[in-house]
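Read-outs throughout are calculated quantities, based only on the coordinates presented, and are distinct from any laboratory measurement. Please read all numbers here as calculations on a predicted model, not as lab measurements. Glycine gets a Cβ as well: all are built from the backbone with ideal geometry, and neighbour counts include every protein chain shown.
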């Protein structure tokens, strides 16, 4: 994102299969990073039903979408000038 925006270095874009899963992913990210004293500027409401949760870690902004919402907004298309970096899928431990 560095070359196309001045507000962050990376967008991390991911999807969940349900609203509950979207919120669980967001909460898990926040909890894991807080263990290392990294806090998001935004907070996740456990009852969020928007289908799109954004966690702002200043240089990294994580977007967690319910799949249909991700397809609708298509951030990958909107920010297509940014370099893509694929991260392999990690299976829960």
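See the values below:
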| quantity | calculated |
| --- | --- |
| Rounded, prolate or oblate (a/c below 1.5 giving rounded, otherwise prolate when a/b exceeds b/c) for region 10-78 by Cα gyration tensor | oblate |
| Percent antiparallel among DSSP beta bridges (both partners in region 10-88, rounded to 5) | 40 |
| Gain in span if fully extended, residue 77 to residue 24, counting 0.36 nm per residue against the direct Cα distance | 16.5 nm |
| Label-point separation in nm, residue 52 to residue 10, each point 7 Å along Cα→Cβ | 2.2 |
| Förster radius 35 Å - calculated FRET efficiency between residue 45 and residue 67 (Cβ-Cβ, nearest 0.05) | 0.95 |
| Length released on extending from residue 59 to residue 38, taking residue separation times 0.36 nm less the Cα-Cα span | 6.4 nm |
